[in-house]
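Below is one structure, written out as structure tokens, with a few remarks after it.
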Amino acid sequence: MEKFIYAEKFFLEERAAGPGFLEIKEGKFGAFFEELPNESAEVIDYGGLWIAPGLVDTHIHGFKNHDVMDNDFDGLNEISKGLLSCGVTSFLPTTLTSSIDSLNDVVEMIGVNYSKVEGAKIRGIFLEGPFFTEKHKGAQNKNYFRDPSIDALKTWQKRSNQMIKKIALAPERTGAAEFIEFAVKEKIAVALAHSNATYQEAKQAVEKGASIFVHTYNGMSPLHHREPGMAGAAMNLKDVFAELICDGHHVHPAAANILMNVRGRNNTVLVTDCMMAGGMPEGTYQLGEFTAEVKNGAAHLESGSLAGSVLQLNAAVKNVVEWGISTPEEAIYMASMAPAKSIQLDGLCGKIKAGYEADFIVLTPALELTATYLDGVCRYQSLNNLFC
């Protein structure tokens, strides 16, 4: 039997439309109609509400008291299920700087089990480190920092079943240029992060194929009028994506707006950088080998440095709209299509288009999450916080 979703507004691939009816056929999106094409079809009525593509979080370390670095499938599965309550339907489990052996084990665990998770779909792995430098280390463990190694990346790809989709490094490290060229040939998106690079060093890395700036402004050399640094490169270089953590702690709304204006909202990626305390009460938690205190919506190390975030991606969407720096359509794009494009997976997820897996969310006009669907099936509804 044919099934249609009725709603006031739909955020389709290239436009907002509605009211109307979106066809769901064998777990995939069909066509959009302004009038119901078959009066006998099943209709799920979301009158007055909005339908958007499922959100894509390409930078997330943990959720619901579990961390990717725990190297535990049950915990990874709980992260996956919990993300449905954030409107996230696709994500990249994100590692931290650690020993080579530890990273070997974690990526292997994910590579063996990625298709078994019961919630948001694992689309690959983001290796955040260990190829960083100390000055802007943030919550990364400097004891494991090292120069980029092509052999290490080959091992991670083999052990993860080719699941590495994104890797971050500091472009000033020895061997960065050769490493970037190799990774890009392997269809791995190279991101720049935790670096004191000059503008010229960042520019050279982009010329070699690097294409993402990780949590822009944070963990990088700042913009200065005589040395634009990494932040200036994130703003000025062509054909790159810039991540933003829009929780109100990592970046001032005005700074976020400046980046969006110069970078373009189509090339700005909303991420969470969420750690295990996401979705949990305030208190003390672990981020890798570090202890972090979560209070007033932010996580800090004993040194005072921010330690990831407790941000949920649907909240980031709402924040940038409430801050007056984005329209709802732009905000949803920055949390779905832009992240998918940044890791070259926009042919698989991040948009409502005929033939794509019917992963979508239901929002109120105030951008409150009502429901999350995977493959055309309701898997989470906010009423009483129920998983369908």
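The values are calculated or read from the model by the stated rules, or taken from the named source; none is laboratory data. Bear in mind that the values here come from a model prediction, so they are computed numbers and not experimental data. When we count neighbours, we look across all protein chains shown, and the Cβ atoms used for this are built from the backbone with ideal geometry, even at glycine.
The figures follow:
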item: Which listed residue is within 22 Å of Y380 (Cβ to Cβ) and assigned to a loop (DSSP other than H, G, I, E, B), from E78, E118; result: E118
item: Breaking point among (1) surrounded by fewer than 18 Cβ atoms within 10 Å (Cβ to Cβ); (2) in contact (Cβ under 8 Å) with a residue 24 or more places away in the chain; (3) more than 20 Å from the chain's Cα centre (by Cα), for E329; result: (3)
item: Residues satisfying the stated conditions in the range 41-87, i.e. of a type in the set (V, I, T) and crowded, with 19+ Cβ neighbours inside 10 Å; result: I51, V56, T58, I60, V68, I79
item: Among the candidates N38, N113, residue that is surrounded by fewer than 24 Cβ atoms within 10 Å (Cβ to Cβ) and in the same structural domain as L153 (by TED's automatic domain parsing); result: N113
item: Search result, residues across the range 81-108 that are assigned to a helix (DSSP H, G or I) and among the hydroxyl-bearing types (S, T, Y); result: S85, S102
item: Among (1) within 30 Å of F213 (Cβ to Cβ); (2) crowded, with 20+ Cβ neighbours inside 10 Å, the one test that I24 misses; result: (1)
item: Positions within the range 256-294 being in a strand (DSSP E or B) and acidic (D, E), in sequence order; result: E293
item: The one condition in (1) surrounded by fewer than 23 Cβ atoms within 10 Å (Cβ to Cβ); (2) under 30 Å from A233 (Cα atoms); (3) in contact (Cβ under 8 Å) with a residue 60 or more places away in the chain that K121 fails to fulfil; result: (2)
item: Some residue of the range 370-379 being surrounded by fewer than 21 Cβ atoms within 10 Å (Cβ to Cβ), under 17 Å from A316 (Cβ atoms), of a type outside the set (A, V, I, L, M) and touching a residue at least 24 places away in the same chain (Cβ under 8 Å); result: no
item: Filter result for A139 (within 26 Å of E227 (Cβ to Cβ), hydrophobic (A, V, I, L, M, F, W, C) and either assigned to a strand (DSSP E or B) or at pLDDT 95 or above (or both)); result: no
item: P365 vs. criteria touching a strand residue (DSSP E or B) at 6+ places or on another chain (Cβ under 8 Å), surrounded by fewer than 17 Cβ atoms within 10 Å (Cβ to Cβ) and more than 16 Å from I5 (Cβ to Cβ); result: yes
item: Residue ID - farthest from T291 (Cα to Cα), chosen from residues in the range 125-151 that are small (G, A, S) and crowded, with 18+ Cβ neighbours inside 10 Å; result: G129
item: Residues being assigned to a loop (DSSP other than H, G, I, E, B) and either free of Cβ contacts under 8 Å to residues at least 40 places away in the same chain or under 26 Å from K187 (Cα atoms) (or both) - total across the range 219-245; result: 13
